[in-house]
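Have a look at the structure below before the remarks.
The values are calculated or read from the model by the stated rules, or taken from the named source; none is laboratory data. Since we're looking at a predicted model, the values are computed, not measured. Here the Cβ is made from the backbone with ideal geometry for all residues, glycine too, and neighbour counts use every protein chain on show. For the accessible areas, the whole protein counts, side chains as well, though only heavy atoms, and no ligand, DNA or RNA atoms are used. Shrake-Rupley method; radii C 1.70, N 1.55, O 1.52, S 1.80 Å.
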Amino acid sequence: MITDKNCLYILKKLEKSGFKAYPVGGCVRDMLMRRKPNDFDIATDALPRQIIETFSDDKVIPTGIKHGTVTVLKNNIPFEVTTFRIDGEYSDSRRPDTVCFTNDLKADLARRDFTVNAVAMDAEGNIFDPFDGRNDIEKRIIRCVGNPEERFSEDALRILRSLRFASVLDFKIEKNTAAAAIKQKEKLGNISAERISAELIKLLSGINSVDVMLKFRDVIGQIIPELIPCFDFDQHSRYHKYDVYEHAVRAVNAVPRGIEGENILRVAMLLHDVGKPDMFTLDENGSGHFKGHAKASAEKARLILKRLKFDNKTISSVYEIISRHSDKIKSEKQIKRIMNNIGLEGFLMLLEAKKADNSAKQTFVLAENNEFDRCAEIARHIASEKICISLADMAVNGSDLTALGYKGKEIGVCLRSLLELVIDDILPNDRTALLKRAKEMKK
């Protein structure tokens, strides 16, 4: 049954105006799975102008009139209301070139991607399910509506969406749908980078991501070809029990859910060893080494994320995490130096990345994670006590050095030198002591 009062308001208002109206797609799927829907999409036989007339007393936004969609705001919550339609050709592999409005709900559901999203429900909770989506929900199966090759040809992003739904919902992909996804993976090249990156983030966060990422690695390799050399790459290391790609996939899944920077961390873990194959050497004992792989992986990751149109903050954060993920952190001085570069938030994310990395290695490596938790406590103490780790924390500034006769670049060089002495506990962050050392350095 539908319990959302705003959704029921929209349904009842359309029905009172003589129209049929049904929540459709993901919201119905979620209700059948006893999950709370994030939003409601409503399908109706009312035409766009009739939807606008029906909700003349409410705020209405004509978000997609050409394709029959009007957004109705109820209590500042948006509800997309779309006229039943039949789609024409998809020449851009994204949206239909033309749409034909219809009063046939089954015809509208037939154009949708997967059976689990092709289910409708009326205001009384009655289910309309012409493609047996409810049964697929119960069996936890992702299956295309109709011919999967046709569905993926219409919008190739559906290939990635099938993986995302299987990952997030913990479903399996039906064999014909899976075969078509792999067969048509090259069509993802027609899809905008922004749409791909949005789906990738959701896929990486799913509880079934490991199974999906391993079974459909060829699809992942289509959007990130730099990962292909990592497939089946034996690390020849006593620390590792998986090849480079599987290690990365399992490290992604080891990132805790709900933590600060979760999405950034998942992306970082997917790419943290992408440069390993290029840096591989084998010693006389048959052990593999990857000297310099952290920096190499960070550089590759930066280019990959730029290509996929990730935002600059994510790109910068991922670069810092990957470039430092192999660093040994043993002392408070090291912690201070790293915090000086990436701050408390960045340092804590780095530690989570190192823990996730270890979680995808041999079991004995996990003992090191206790040390990382200790480092996190130290970092939080440094931040809470406002211990000096940056130029902004210093008891002296550029004006003080100018008064001592420093000029131009000399000021910055001197300040950074003093900061290093403070971080290394050679000097206290004390104005008198710092000015005394600055005078000595000037001589």
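For the reader, a short list of remarks on this structure follows.
- Total formal charge among the other residues, if their Cβ is under 9 angstrom from that of residue 123, Lys/Arg +1 and Asp/Glu -1: -2
- Region 182-206 and region 389-443: distance between their alpha carbon centers, rounded to Å: 51 Å
- Carbon-plus-sulfur accessible fraction, the chain (probe radius 1.4 Å, protein heavy atoms only): 48%.
- Per-q log10 I(q)/I(0), region 369-420, q = 0.17, 0.32 Å⁻¹ (Debye; single scatterer per alpha-carbon; no solvent): -0.61, -1.15
- Computed accessible area, residue 196, all protein chains, 1.4 angstrom probe, square angstrom: 10 Å²
- Where 431, 437, 195 fall by accessible area, highest first, once all protein chains stay in place (1.4 Å): 431, 437, 195
- Here the alpha carbons of region 240-366 define both size measures, Rg and Dmax, at 14.3, 44 Å.
- Remark: region 182-314 projects, on average over all directions, an area of 8.4 nm² (convex hull of Cα atoms).
- Calculation over all alpha carbon pairs of region 25-89 in 10 angstrom steps from 0 returns a P(r) of 22, 46, 28, 5 percent.
- Estimated inter-spin distance, residue 73 and residue 366, nm [label 7 Å along Cα→Cβ]: 5.0 nm
- Here the dipole of the chain is about 940 debye; that uses its Cα centre as origin and unit charges on the Cβ of Lys and Arg (positive) and Asp and Glu (negative).
- Residue 140-residue 215 FRET efficiency (beta carbon distance; Förster radius 25 Å; 0.05 resolution): 0.95
- Divided by 2.2 N^0.38 Å, where N counts the residues, the Cα radius of gyration of region 134-242 comes to 1.11.
- Of interest is the spacing of the C-alpha centroids, which for region 118-155 and region 21-46 amounts to 12 Å.
- Projected onto their three principal axes, the Cα atoms of region 60-121 cover extents of 35, 26, 21 Å, largest first.
- Dividing the convex hull volume of the alpha-carbon atoms in region 296-419 by its residue count gives 134 Å³ per residue.
- Fraction of beta bridges assigned by DSSP in the chain that are antiparallel (%, nearest 5): 80 percent
- Largest mean-square fluctuation among 430, 113, 132, in a Gaussian network model of the chain whose springs join Cα atoms under 10 Å apart, belongs to 430.
- Computed with a 1.4 Å probe over protein heavy atoms only, the accessible surface of region 1-107 comes to 55 Å² per residue.
- The ellipsoid equivalent to the alpha-carbon distribution of the chain has semi-axes of 52, 29, 19 angstrom, derived from the gyration tensor eigenvalues as √(5λ) and listed largest first.
- At least 20 Å along the helix axis (C-alpha) and Kyte average at least 1.0, DSSP helices within the chain: 409-423
- The accessible area of residue 174, taken with all protein chains in place and a 1.4 Å probe, comes to roughly 30 Å².
- Highest-MSF residue in the chain out of 326, 417, 297 [GNM, Cα springs under 10 Å]: 417
- Sorting 33, 349, 1 on solvent-accessible area from highest to lowest, probe radius 1.4 Å, gives 1, 33, 349.
- Taken over region 1-40, the convex hull of the Cα atoms encloses 62 Å³ per residue.
- Per residue, region 389-436 exposes 56 Å² of accessible surface when a 1.4 Å probe is rolled over the protein heavy atoms with every protein chain present.
- Those residues of region 336-356 whose amide nitrogen sits under 15 Å from the label point placed on residue 385, 7 Å along Cα→Cβ: 336-337
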